[in-house]
Every structure is written in structure tokens, then in C-alpha cells.
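Asker: Sharing a structure with you now.
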Amino acid sequence: MSKFTLKVNGRTHTLDIDPSTPLLYILRNDLGLQGPRFGCGLGQCGSCTVLIKGLAVRSCVTPVSAVRGAEITTLEGLARDGRLHPVQQAWIDEQVPQCGFCQNGQIMTAKALLDKHPNPTDQEIREGMAGALCRCMTYYRVQAAIKRAAKMMAAARRASGSEVIA
Amino acid sequence: MTEFTRVPKQVEDAMEKWNGTTSRRDFLKGSGLMVVSFSAAAMVNPNLINATASAAVAEVNPPAGPYKDPDFRQLDSWIVIRQDNTAAFYVGKTDCGQGTGTAFRQIMADELDMAFDKTDLIMGNTETTVDQGGSGGSDAIRVDGWPMRRVAAEARRVLLEMASKQFGAPVDQFSVSEGVITVKGDPSIKVTYGELIGGKRFNVTLTGKDIDATTGVANLKPVQEHKIIGKSLPRYDIPPKVDGSLKWAVDAKVPGMVHARNVRPPWAGAKLISIDESSVRGIPGFIKVVSKGNYVAVVCEREEDAIKASRQLKVNWEKPATPSFPKSEDLYDYMRNASPTSVTQPTPPVVGNPDDALASAAKVIEAEYEFPFQGHVSFGPAHAMADPSNGQMTIYSNDMKAYRLRRGVADFLGMPQDRVRVIWMEGSQAYGRTAADDAGFEAAFLAKEVGRPVRVQWMRHEETAWDTKGPAFTFKLRGGLDTQGNLIALVYNARTADYNHVDYNDPNTVLIGQLVGRRPSAPAKGGAGPPADMYVIPNLRRTTEVVRLPLVWETPIRAGNLRDPNGPQIAFASESFIDELAAAAKADPVEFRLRLLTGSTDDDKVFTRARSIAVVKAAAAAYGWDNRPSPKALGTGNILTGRGIAYCYRQTTIVVEIAEVEVNRTTGHVWVKRLVCAHDCGLVINPDGLLNTIEGNLLHGLSRGLHEEVQFDTDKITSVDWISYPTLTHADTPAKIDIVLVNGDPNPNRPDLPPYGAGEAACRITPAAVANAIYDATGVRIRRVPFRDKRVLAALKAAKV
Ligand code: FES
Ligand code: FES
């Protein structure tokens, strides 16, 4: 066991925990977060995705020791000041989910993709999202929602000068 | 933020603090309403979490039970009107992601004449919602929507009568809009539903021989008068799924809860010899190894430690002396050589004289097809949490059949049924008999053994290897054409490895039931129907034989219902074969099918053939179908393109799909670039919800056609993760999906147009449409699913394409 400080969604938590514990279980069981979920535990499906330094990270295969001190954002932390992130809003506008279980992985992966490619091509979307699996097969709507979110984010950027909504 | 994103604090409290003994929560004090009995734990139902006004509805039962069955013949069991003129609907269903919850609210709000957003819905809680069986059989709207409509109409009728009494005027003097009753011609005289009955019971008895027939005496609105039915209202469950606020079944937690993981036999049919518990005793928070028969699980305080313990536990297993099944690559030969355990035939089994007709045919075509075992392979592996407090058992589960889970667990644990309840919460997809059944039993068993609330979670390898499987099939078809290219005879022979098909939540066949040694008096025979189409073929014989694999019990190859059980398998063979016949007749595939559908209409009671024709034509028009026989002239480039069609009729729903493919000549890769689907499922409740369902359904069929195959050696399944059991990904998604909703039955404006079903039909024919398109593009017929690159490339090479 050792002491760790985790910064999650802007809040700091101190935990006394085995350093090899996958981040996923700490987020879910110690911090009570529900966005990241277990889907495979193997880094293959995207269900457990969180954002760390702008990257989509699979928390099921990330030992907590690897992220000490880092700023971690989960699905719950995407909204700002009571407003959903444009990616989330696009998901609602396009009515993307079916069961919704995989959608944390879809949304968080899309957010990281859009941060890197604000105006992604179809090919960039297909490749960038390929590791975010969905067994209800909502892919078609996910791809439409990413394009919609890209437009919303571009409009927001134009409206606020250089300020980035994220 | 939307109203849905706030999880009421008191609901959080219920989840966090409830320990099974509290009889009344503070938050319920002052609620004006004492209509439907709830326990505190019922407040964790996610439907209530989403329902803004729900906290005010509850009255508390002692959580110690007994848990009674709500009486479906009481209007109060279905509908509660609150003083603030909002309504809560209680239905015995579960929403597996197709938006049926929203559709139920639309149906009931419309018949009740209440604004949609003034209603909320509680589903799948065995203690508070009537037993409509949960989900299954694409029956949500088709079957279960009817009693919902009728009880809502009855509530409206009763409320109008109350108004009539209050104002001393006949009922026909009133009109209703959004829960407000006004006197026609004098809008100043009005009363709300809430004022009439808020906080009180209806005390109205309903009739009906069973729950599906539940009815009052009110008439239903004609379809044309619906205001909410038929509208694409946004699904209420989507915002909390997108902002992270929804509590799923995986989030169910109560104080004192511990974590369990299963330890599965390393070989199918292995026998437990011994367990060395000292191998895990040093793990922090280790609680117990639980074992019975060949079932083994470990329980720890923390989840990651339970995982560690399940990997570290030393167990001595004895491998069976003989192979449990053939290797997956030998499966079809095995099936063709096995002796059938049973035979099923439709009525009548034979039409005309197929043997003579074949003998006299100008051309006889013969083909064999093969379809592998495929899994549910749920995105979120099976899980459940069970709380044994107070000598009761409360199971938090996403199982789509909450009621049967309750009955099955009561039987399995030897508990009276009224001491067991199931609280359904949202979960990963539930397209049939998933392992959620198995996990529910395991959680309850472990909770009883440990005496504490236990959450069990299957790992990925368990889900992929051990969940139930859609059965493998082999087919042999023969067809005869006359000199004009008309189909005059067809002989269909199918074999399915469906022996011991497991039922839903059956204590004798659920995985833990099998592993602890329970057995039913006899294994289920299994079986399958004939192809579901409306083709007129004058000479016809259709037979399906069931075969068994060597290992029948405690096997990971358990046949069970997977979305549209048998449908994709059978339609792959039958609709590929129709295409082969069309090609042999040098006929256009659309024209050939239309010819078979127009053969006769005198046996067509529900206009199914006329509707089939309309749907085929709608699909062809939407695609821009060019009339010509397949295959087209072989292209010269590396990418070969083609289009294929397939048609089916399932429980009166009709689907036609056209796939446009690109086949890469050098890699064998198939990309379905465009999918067109024409779909007739009668009355549509929520068009956009239906489109979403069909899109997912089409792509599920595509995934099954392109990727999915359970692989095994002779003693274990070797498909254990997303590498060894690949699924469709974003990379394979069609660039364009066009769906045409056809309501061709036969007069779309009739007042009583019924809904059919949409949860399963569209996945049925995607593999066939794609195979037909591959043939059109390449002239090569792929007769085995899935069409993975290697298989397609080998076929192209063999045909020198
Ligand atoms: S659960 Fe982490 S990638 Fe699947
Ligand atoms: S929406 Fe169900 S798994 Fe993606």
C-alpha cells in the first residue's frame, strides 16, 4: 500500500492503495464515478476511457501509480458550469445511444479525437474511433454526432475568439 | 443541463445508506401520496432516478418483504396520478436500449391524454410493476403495448366520469387535453386529473384472462387521433447516459457489499478435484472461496483483489477423458455426420411433389451453407448484485426478464418466492438469453453463502467463452427451374446444433445450476422453423434436424436465444439460395423474388404477400436498383463492387435489405459501403427510435456476417476476447444507411393499424444481402459465415478472380 494523490475532475483525492491497482477500480469503487465502466479489462474496448493530458487513456490497464498527480477527466467532468460539452450535446441531438453502456468510450474517445483533429475527415473518424467498440452497433450515429460536435465546437471557437471550449 | 441529469440527493442516499432494515426514509415524509407501495430500495430503480417527481410518489413497505406480485387486474397497479397532475406508469417491461421505455410513455400518455413530460415510467421491478415478462420476442410494442394502451384509456375514462359526477354533466360534454378536463364551450369550467384523483386510488378492477389481455371498458383512440404516438420524441434515458449520471446495474452498491469473481473450469466438462485455499489467503481483504460441485468463486472486500484471487487460486481439475466437441474447423463435418436427435417440419411438411418436380426440372441447383456458433458477447460482461438482508434476497440486475429471474432464483435457493425480488436497472445490451441470467443466480447464491451483499462480475474471457450461443447450422438446398426459369421445386434440409437449448432463468440449466449438478428431467430438444418468407413455390419440402455435440452439460457451447434466434442462420441459406436460383435463371434478383411473391394471393390472410411486394419495391426504389442478373461483368480494378438483396418476413414484420459492397481483390476485404433497408412493422410509435433500432439491428447482422464466429478446440472455447472474437467496428461502418419505413398494411389509414415488432427482424437478412452482393461483384459465392478477409480471399483465389 502507498499514498497517492489523484486529481479527478478538478478535485483532489488522497488514497492509500496498492500502486498496481488499475485506475478503473479506484475511480468506480473509491471515488464513486460511473462514467468509466468495465468492459474487457484488456484495453480492447474503450469502455473505461478517461482523459489524461488530452489523451484517451484506458483506465482498466493503467496502474494508479502511473497517473499520480495527473489531471484526470471522466465523463462526469466534461460538462462545464452546468453546460454539457458539445460532444455530449451532439450525442443527445443525434440520439446516439442504444443501451448506452459503451458510450463513455465513444464520447471520451471522440472528445480526444476532436481535440486533435478539430475537423476530422471520415477516414480520421473511422480510424480514430476503431478501438471504441459498441455491440449495439451505434457507430453510424456516433460518426454523425462527431461531425455535428465538430461544427458546434468550431462555432463556439469562432464566437469566443481563441478561447477553446473543453 | 437537462432535467434528467440531476440524480435526486435522496435517491443517492437510498443507495448509499439503505441497509435493509430502515423502514422509512426521511425524504418520504410529507409526500402527499400513499398509493403504490414501495420499499426504500425500490427508490434506487434507475427509472425513478430519472423521474424528477418520483420521490414524491412513494410510500414505504418494510423492506423485509414479503414481496407481493402487483395485481395486473387493478388499474392502480399500472397508473398513479399525483396531486401535481403528473402521472407515473408502472409496466412489467425492460428497455434493452431500443428506446421502448420512451415508447411506452408515449403510448400511455397519449391514451391518457397527458403531456409526455408530465409522465414517468417505472419498469422491471418485480415488487412494484406487474409481470409482463420483461423483454423478449420483439414484443414490447407488438404485444405488451396493447394492455398499456387499454389501461391508460381506462384511466382516462374513469377520470372523465369523475368530472361528470363533479359537474353534474354527461361525459360527452367534456374534452380533455394534457390532463385538464374542460366543459366543451365553457373553458372556465375545468378540473385537472390531479385535482380529481391525485393522492387517491382508482380502485378500478380490470379484466382479461391474462396480463396481455388486460383491459377496462374504455375504447382506444383511433390511430388517427394520436398526438404523441407517431412522434420522434427524444428518448428520456439518453441524457443521463451521456452525462454520466445514470446509475446502472453495475453501479448498484449497498453498505457491506463485497466482490466476487468466478473461477471457471479450464476445460469444458472438467471435474473439480481440490482447491488449495492457502494460495489466496494472503490477499488483503480475502473473505472466502465458495465452491459447490464444479462451481467455484472467490469473494474479497475489494474488486481488484477478487480478480487477483480468481487468477491466483490453485484448483485441481480433472480433464474429461474424451473430447467435448469437435474443433471449430471440423464442426460442420461433425454435424453432417451426426445422427439427429430430433426432426422438426412445418405444417404441412410437404407441398406438392418436390421429388417428381425436381426430376422433371429443366435445371437443378444444389448448394450447401454453413453458419457458425455466435455469441451474445455482451459489451459489458454479465454482472449482478444480490443483497441477502433480513433473510430476503434482493437482486439488482440488468437481466431483461426480471420476473423469471426472481422465480428461478427462489427455486434455486429454496426460498419462498415472496422473499425474493429483482430490481431491474439499465445495463449492457440484452438481445436474448444472455449471461445476465447466469450472473443473477450466482450473485444470489454467493450472497446467501457469504451472508453479505455480493456483486459478481464476469470477466471478458468468461463472457466471450461462456455466455449462451446462437446455434450453428448446416444447410443443403436443392431447387428446380423450368425452361422459363420459374422455380418449380425446392427441398430445404437444415441441421442445427441446438440440442439442450437453454431457457431463460431456468434453475436447472443456468450455468451455476449445471455446475452444481442440477439437471432437468430431459434436455430441451431444440429445433428451428423453416425459412420465413411468403414465396409461392408449388413443390416444397422443408426439414430441420437437431444434432448434439458430445458434451451436453457444463459446456461453454450452450445453445440459447440470441437476437432473432435461428433467423440470420436460416435466412443466410434460404436468401442466398434464392439468389443462386435467380442467377441460374439469368433473372434479376429483385424481379425473381417479385415473381415468387405474386404467384398467388388467395392464402394471404394478413396481406403479408401484398405488403412483401410493397417492401421489396420500396427498397429497390430507394437504392436505385438497376434491373439485371447477377453477377455483373467482372471489373478490372482492385476494388470490385456489387449489390445484393435479401427479404424476410418475421412475425408479420417485413424487411428487405440491399447491400452495396466493395471487395478488395488482393486482400479479400469486404466493405459494405451502403445499406438500404425497407421496413414495415405496422404502427410506428417513435419513428426516430425505430430508425435507431433498425440501424443497430442492420449492423448487428453485418457484424455477424462479416466477423463473428466462436472458435474452439476439442476441450475449450478459444474465442476469449475482442481479438479472438472480432466484432464490427467504426472502421467497417457503412458510409451510408438509408431506411425506408413502409406502412403498407394494407390500408395505412385504418383506425386500428397494429404494431408488429422491430427489435430483431432487421438483423436477419444482412448476412444474406452481403453474400449476394459479394457474388454480384465477384461472381464468387461465399457459402459460409463469416466473410472474413482470409476466407473471401481464398474463395477469390480458387475462382481465379
Ligand atoms: S475495459 Fe478498458 S478497454 Fe475495455
Ligand atoms: S450502445 Fe450498447 S454497447 Fe454501445
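The values are calculated or read from the model by the stated rules, or taken from the named source; none is laboratory data. Here the structure is a predicted model, which means the values were calculated and not measured. With ideal geometry, Cβ positions are generated from the backbone for all residues, glycine too; neighbour counts draw on all protein chains shown. Heavy atoms of the whole protein, side chains included, go into the accessibility calculation; ligands, DNA and RNA do not. Shrake-Rupley method; radii C 1.70, N 1.55, O 1.52, S 1.80 Å.
Asker: Would you be able to say whether some residue in the stretch B:789-800 is touching a residue at least 60 places away in the same chain (Cβ under 8 Å), assigned to a loop (DSSP other than H, G, I, E, B) and crowded, with 18+ Cβ neighbours inside 10 Å?
Answerer: Scanning the stretch B:789-800 turns up no residue that is touching a residue at least 60 places away in the same chain (Cβ under 8 Å), assigned to a loop (DSSP other than H, G, I, E, B) and crowded, with 18+ Cβ neighbours inside 10 Å.
Each row is one residue, and each column tells you yes or no for (1) within 16 Å of ligand 2 (Cβ to nearest atom); (2) assigned to a helix (DSSP H, G or I); (3) more than 23 Å from B:Val546 (Cα to Cα).
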| site | (1), (2), (3) |
| --- | --- |
| B:Arg336 | no, yes, no |
| B:Pro340 | no, no, no |
| B:Thr347 | no, no, no |
| B:Glu368 | no, no, no |
| B:Ala384 | no, no, yes |
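Asker: Looking only at the stretch B:89-110, which residues are among the hydroxyl-bearing types (Ser, Thr, Tyr), open to solvent by less than 10 Å² (accessible area, probe 1.4 Å) and either closer than 20 Å to B:Val176 by Cβ or outside any loop (DSSP other than H, G, I, E, B) (or both)?
Answerer: At the first step, the residues of the stretch B:89-110 found to be among the hydroxyl-bearing types (Ser, Thr, Tyr) are B:90, B:94, B:100, B:102.
If we keep only those that are open to solvent by less than 10 Å² (accessible area, probe 1.4 Å) as well, we get B:90, B:94, B:102.
Result: B:Tyr90, B:Thr102.
Asker: Here's a check for you: in the stretch B:234-259, which residue that is more than 9 Å from chain A (Cβ to nearest Cβ) and more than 25 Å from the chain's Cα centre (by Cα) is most open to solvent (accessible area, probe 1.4 Å)?
Answerer: Among residues in the stretch B:234-259 that are more than 9 Å from chain A (Cβ to nearest Cβ) and more than 25 Å from the chain's Cα centre (by Cα), the one most open to solvent (accessible area, probe 1.4 Å) is B:Pro255.
Asker: From (1) touching a helix residue (DSSP H, G or I) at 6+ places or on another chain (Cβ under 9 Å); (2) away from ligand 1 (no atom under 16 Å from the Cβ), pick out the condition that doesn't hold for A:Ala66.
Answerer: (2)
Asker: Any chance the stretch A:10-27 includes a residue that's over 25 Å from B:Ala465 (Cβ atoms), facing chain B (nearest Cβ under 10 Å), assigned to a helix (DSSP H, G or I) and open to solvent by 10 Å² or more (accessible area, probe 1.4 Å)?
Answerer: The initial filter retains those residues of the stretch A:10-27 that are over 25 Å from B:Ala465 (Cβ atoms), namely A:10-21, A:23, A:26-27.
Okay, now just the ones that are also facing chain B (nearest Cβ under 10 Å), so A:17-18, A:20-21, A:26.
Subsequent filtering for residues that are assigned to a helix (DSSP H, G or I) retains A:26.
Within this subset, residues satisfying the condition of being open to solvent by 10 Å² or more (accessible area, probe 1.4 Å) are none.
Within the stretch A:10-27, not a single residue is over 25 Å from B:Ala465 (Cβ atoms), facing chain B (nearest Cβ under 10 Å), assigned to a helix (DSSP H, G or I) and open to solvent by 10 Å² or more (accessible area, probe 1.4 Å).
Asker: Looking at the structure I just gave you, is B:Lys231 at pLDDT 95 or above, away from chain A (no Cβ under 14 Å), open to solvent by 60 Å² or more (accessible area, probe 1.4 Å) and in a loop (DSSP other than H, G, I, E, B)?
Answerer: Working: at pLDDT 95 or above: yes; away from chain A (no Cβ under 14 Å): no; open to solvent by 60 Å² or more (accessible area, probe 1.4 Å): yes; in a loop (DSSP other than H, G, I, E, B): yes.
It is false that B:Lys231 is at pLDDT 95 or above, away from chain A (no Cβ under 14 Å), open to solvent by 60 Å² or more (accessible area, probe 1.4 Å) and in a loop (DSSP other than H, G, I, E, B).
Asker: Additional query: Can you tell me how many residues within the stretch A:79-111 are within 9 Å of the chain's Cα centre (by Cα) and farther than 29 Å from B:Tyr431 by Cβ?
Answerer: Of the residues in the stretch A:79-111, 0 are within 9 Å of the chain's Cα centre (by Cα) and farther than 29 Å from B:Tyr431 by Cβ.
Asker: Among the residues of the stretch A:87-108, is there at least one that is in a loop (DSSP other than H, G, I, E, B), free of Cβ contacts under 8 Å to residues at least 40 places away in the same chain and more than 16 Å from ligand 1 (Cβ to nearest atom)?
Answerer: Kept after step one, since they are in a loop (DSSP other than H, G, I, E, B), are these residues of the stretch A:87-108: A:94-102.
Keeping just the survivors that are free of Cβ contacts under 8 Å to residues at least 40 places away in the same chain gives A:99-100.
Those left that are additionally more than 16 Å from ligand 1 (Cβ to nearest atom): none.
The answer is no, given that none of the residues of the stretch A:87-108 is in a loop (DSSP other than H, G, I, E, B), free of Cβ contacts under 8 Å to residues at least 40 places away in the same chain and more than 16 Å from ligand 1 (Cβ to nearest atom).
Asker: Is it the case that some residue within the stretch A:107-130 is in contact with an Asp or Glu (Cβ under 8 Å, 6 or more places away or on another chain), open to solvent by 40 Å² or more (accessible area, probe 1.4 Å) and more than 8 Å from chain B (Cβ to nearest Cβ)? Walk me through it before giving the result.
Answerer: At the first step, the residues of the stretch A:107-130 found to be in contact with an Asp or Glu (Cβ under 8 Å, 6 or more places away or on another chain) are A:113, A:117.
The next check asks that each one be open to solvent by 40 Å² or more (accessible area, probe 1.4 Å); those that pass are A:117.
Still in the list and also more than 8 Å from chain B (Cβ to nearest Cβ): A:117.
Looking through the stretch A:107-130, at least one residue is in contact with an Asp or Glu (Cβ under 8 Å, 6 or more places away or on another chain), open to solvent by 40 Å² or more (accessible area, probe 1.4 Å) and more than 8 Å from chain B (Cβ to nearest Cβ).
For every residue, the table says whether it meets (1) in contact with a His (Cβ under 6 Å, 6 or more places away or on another chain); (2) without any contact (Cβ under 8 Å) to a residue 40 or more places away in the chain; (3) not in a loop (DSSP other than H, G, I, E, B).
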residue: B:Pro323; (1), (2), (3): no, no, no
residue: B:Asp333; (1), (2), (3): no, yes, yes
residue: B:Ile365; (1), (2), (3): no, no, yes
residue: B:Thr394; (1), (2), (3): no, no, yes
residue: B:Arg406; (1), (2), (3): no, no, yes
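Asker: Continuing with the same structure: Would you please name the residue that is nearest to ligand 1 (Cβ to nearest atom), looking only at residues in the stretch B:414-431 that are within 14 Å of chain A (Cβ to nearest Cβ) and modelled with pLDDT of 95 or more?
Answerer: That would be B:Ser428.
Asker: Any residue at all in the stretch A:77-84 that's within 16 Å of ligand 1 (Cβ to nearest atom), surrounded by fewer than 17 Cβ atoms within 10 Å (Cβ to Cβ) and touching a residue at least 24 places away in the same chain (Cβ under 8 Å)? It would help to see each step written out before you state the result.
Answerer: Going through the stretch A:77-84, the residues within 16 Å of ligand 1 (Cβ to nearest atom) turn out to be none.
There is no residue in the stretch A:77-84 that is within 16 Å of ligand 1 (Cβ to nearest atom), surrounded by fewer than 17 Cβ atoms within 10 Å (Cβ to Cβ) and touching a residue at least 24 places away in the same chain (Cβ under 8 Å).
Asker: Within the set of pairs 6 or more residues apart or between chains, which connect a residue that is more than 17 Å from B:Glu304 (Cβ to Cβ) inside the stretch A:55-71 to a residue that is within 16 Å of ligand 2 (Cβ to nearest atom) and not basic (Lys, Arg) with Cβ atoms less than 8 Å apart?
Answerer: As it stands, the answer is A:Ala56/A:Gly46; A:Ala56/A:Thr49; A:Ala56/A:Met108; A:Ala56/A:Thr109; A:Val57/A:Thr49, since those pairs meet every condition given.
Asker: Sticking with this structure for a sec: Between B:Ile774, B:Ile737, B:Ile723, B:Ile694, which is out of contact with any helix residue (DSSP H, G or I) (no Cβ under 6 Å at 6 or more places or on another chain) and within 14 Å of chain A (Cβ to nearest Cβ)? Walk me through how you get there before you give the answer.
Answerer: Values: B:Ile774 fails: within 14 Å of chain A (Cβ to nearest Cβ); B:Ile737 fails: out of contact with any helix residue (DSSP H, G or I) (no Cβ under 6 Å at 6 or more places or on another chain); B:Ile694 fails: out of contact with any helix residue (DSSP H, G or I) (no Cβ under 6 Å at 6 or more places or on another chain).
Matching residue, one of B:Ile774, B:Ile737, B:Ile723, B:Ile694: B:Ile723.
Asker: So, of the residues in the stretch A:131-166 that are within 12 Å of chain B (Cβ to nearest Cβ) and polar (S, T, N, Q), which turns out to be farthest from ligand 1 (Cβ to nearest atom)? Break it down into steps so the answer makes sense when it comes.
Answerer: Here is the first cut: in the stretch A:131-166, the residues within 12 Å of chain B (Cβ to nearest Cβ) are A:131-146, A:149.
Among the residues that remain, those that are also polar (S, T, N, Q) are: A:138, A:143.
Numbers: A:Thr138: 17, A:Gln143: 20 Å.
So the residue we want is A:Gln143.
Asker: Hey, among the residues in the stretch A:81-106 that are within 20 Å of A:Leu27 (Cβ to Cβ) and more than 8 Å from chain B (Cβ to nearest Cβ), which one's farthest from ligand 2 (Cβ to nearest atom)?
Answerer: A:His85
Asker: Among the residues that make up the stretch A:67-76, is at least one of them in a strand (DSSP E or B), away from ligand 2 (no atom under 16 Å from the Cβ), outside the structural domain of A:Asn104 (by TED's automatic domain parsing) and open to solvent by less than 40 Å² (accessible area, probe 1.4 Å)? Talk me through it step by step, then tell me what you get.
Answerer: Restricting attention to the stretch A:67-76, the residues satisfying the condition of being in a strand (DSSP E or B) are A:71-73.
The next check asks that each one be away from ligand 2 (no atom under 16 Å from the Cβ); those that pass are A:71-73.
Retained after the next criterion (residues that are outside the structural domain of A:Asn104 (by TED's automatic domain parsing)): A:71-73.
Right, trim to open to solvent by less than 40 Å² (accessible area, probe 1.4 Å) and you get A:72-73.
So far as the stretch A:67-76 goes, yes, one or more of its residues are in a strand (DSSP E or B), away from ligand 2 (no atom under 16 Å from the Cβ), outside the structural domain of A:Asn104 (by TED's automatic domain parsing) and open to solvent by less than 40 Å² (accessible area, probe 1.4 Å).
Asker: Name the single residue that is nearest to the chain's Cα centre (by Cα) among those in the stretch A:43-61 being within 9 Å of ligand 1 (Cβ to nearest atom) and open to solvent by less than 30 Å² (accessible area, probe 1.4 Å).
Answerer: If we filter the stretch A:43-61 for residues that are within 9 Å of ligand 1 (Cβ to nearest atom), which is where we start, we get A:43-49, A:58-61.
The next check asks that each one be open to solvent by less than 30 Å² (accessible area, probe 1.4 Å); those that pass are A:43, A:45-49, A:59-60.
Values: A:Gly43: 14, A:Cys45: 13, A:Gly46: 9, A:Ser47: 9, A:Cys48: 8, A:Thr49: 5, A:Ser59: 10, A:Cys60: 13 Å.
Filtering first and then ranking leaves A:Thr49.
Asker: Within the stretch B:458-470, does at least one residue satisfy the condition of being over 23 Å from B:Ser428 (Cβ atoms) and part of a loop (DSSP other than H, G, I, E, B)?
Answerer: So the first thing to find is which residues in the stretch B:458-470 are over 23 Å from B:Ser428 (Cβ atoms), and the list is none.
There is no residue in the stretch B:458-470 that is over 23 Å from B:Ser428 (Cβ atoms) and part of a loop (DSSP other than H, G, I, E, B).
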